[in-house]
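Here's the structure, in structure tokens; my notes come after.
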């Protein structure tokens, strides 16, 4: 049977190509996915452990974070319960390894330093990128805020202008309406005065017309009375003249003819003919 191959932390660092401190960090961080055997107080790692560490290195080089790497490992490998806390190698063993491989140790130190510098540089770059993103976001938000503030001020100014214009227009309408009402009141007063004057004139004219009609009636009655009186006087004079000149039979005929002539004159010539100053209708 082939004996299972075993690796120390130093050997794993050499085979994976990363500093020993990085290997220790990975072994501690992802211990639930890495197989190991206990040899005394030390952990001895097997071929499957080397495979997982190489996989972690590849994921790390692809730019994944520790949380993303852990998610990928959880998808691909089962979780192993940790039987005992990892025991760090004794300082004597580390010193012995350093003395037995001085050149390798210098190379590892250099790699470790480069790795730390790279991690610090990446961390600083990430911080600078985040700060730049935050500043860019703040600038965008400030620009949006200024834009919204300007739009709000402009909207308020426009609204105030519209309200002012509407107020001035309403005031103009109100003044014009008041002026028209005052003018209508003055016209109504004038119309009322004119109406009263017309009514008074109408009453005066009606009274004058009634007085005129009354005077005309009186004049007509007086004319009729005078005409009748004149006719009676003429008849009496005719009787006196004819008393001695004509017999009774002829006298009656003449008197009757005289009365007919007077009656025909009254019909033919009305009262207006006897009133030279009165126009005929």
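Between residue 72 and residue 145, what length comes free when the chain is fully extended (0.36 nm per residue of separation minus the Cα-Cα distance, one decimal in nm)? List each step's numbers first, then the result.
Numbers: separation 73, 0.36 × 73 = 26.28 nm, distance 4.21 nm.
Between residue 72 and residue 145, full extension yields 22.1 nm more.
Hey, rough spin-label estimate for residue 202 and residue 218, points 7 angstrom out along Cα→Cβ, what's it come to in nanometres?
The modelled label-to-label distance comes out at 2.8 nm.
What is the extension gain from residue 263 to residue 138, computed as 0.36 nm multiplied by their sequence separation minus the C-alpha to C-alpha distance, in nm to one decimal?
On the way: separation 125, 0.36 × 125 = 45.00 nm, distance 13.06 nm.
Taking residue 263 through residue 138 to full extension adds about 31.9 nm, to one decimal.
Enter the Cα centre distance for the pair region 118-145 and region 1-77, rounded to the nearest angstrom.
The distance from the Cα centre of region 118-145 to that of region 1-77 comes to 34 Å.
Under a plain spin-label model, where a point goes 7 Å from the Cα along Cα-to-Cβ, how far apart in nm are residue 129 and residue 168?
Roughly 5.9 nm, to one decimal.
No value in this document is a laboratory result; all are computed from the given coordinates. No experiment lies behind these values; they were computed from the predicted model shown. Because the Cβ atoms are built from the backbone with ideal geometry, glycine has one as well, and the counts that use them run over all protein chains shown.
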